[in-house]
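Here the structure comes first, spelled out in structure tokens, and everything after it is commentary.
The values are calculated or read from the model by the stated rules, or taken from the named source; none is laboratory data. Note that the coordinates shown come from a computational prediction; the quantities given were computed from them, not determined experimentally. We place every Cβ from the backbone using ideal geometry, glycine too, and count neighbours over all the protein chains shown. Remember, those area values only see protein heavy atoms, side chains included, never the ligands or the DNA or RNA. Shrake-Rupley method; radii C 1.70, N 1.55, O 1.52, S 1.80 Å.
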Amino acid sequence: MEANPQDSNMLYNLSLLHVKRKEYSEAKDYADKLINLSNDNYQGHYLNGVISYYNQDIEQAKTALEKAIS
């Protein structure tokens, strides 16, 4: 089975997996790819908010989470 780089569910799950492993750089890469597919994808913005929070970038976390709920 071949991975589809345009599959938003796959990108979300890979990002989430890396968050759970505390691999925030890799998680952000997948979250950014998710947002690049569709800028209004709330899951990508949510993940970026979570990742920014764990990286102690509270302002970026706030911005990303606000995008997720708008």
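Here residue 46 does not fit the description of being in contact (Cβ under 8 Å) with a residue 24 or more places away in the chain and either part of a loop (DSSP other than H, G, I, E, B) or not basic (Lys, Arg) (or both).
Considering only residues in segment 39-70 that are within 22 Å of residue 9 (Cα to Cα) and of a type in the set (Phe, Trp, Tyr), the one that is least open to solvent (accessible area, probe 1.4 Å) turns out to be 46. Scanning segment 11-42 for residues that are over 14 Å from residue 53 (Cα atoms) and of a type in the set (S, T, N, Q) yields 13, 15, 36, 38, 39, 41. Candidates in segment 37-70 are the residues that are among the hydroxyl-bearing types (Ser, Thr, Tyr) and either modelled with pLDDT of 95 or more or over 19 Å from residue 4 (Cα atoms) (or both); of these, the one that is farthest from the chain's Cα centre (by Cα) is 70.
Residue check: is residue 28 touching a Leu at 6+ places or on another chain (Cβ under 7 Å), surrounded by 13 or more Cβ atoms within 10 Å (Cβ to Cβ), basic (Lys, Arg) and in contact (Cβ under 8 Å) with a residue 12 or more places away in the chain? Considered against the rule, which asks whether it is touching a Leu at 6+ places or on another chain (Cβ under 7 Å), surrounded by 13 or more Cβ atoms within 10 Å (Cβ to Cβ), basic (Lys, Arg) and in contact (Cβ under 8 Å) with a residue 12 or more places away in the chain, residue 28 comes out as no.
Against the condition modelled with pLDDT of 95 or more and either open to solvent by less than 90 Å² (accessible area, probe 1.4 Å) or in a helix (DSSP H, G or I) (or both), how does residue 34 come out, does it pass? Spelling it out, it is not the case that residue 34 is modelled with pLDDT of 95 or more and either open to solvent by less than 90 Å² (accessible area, probe 1.4 Å) or in a helix (DSSP H, G or I) (or both).
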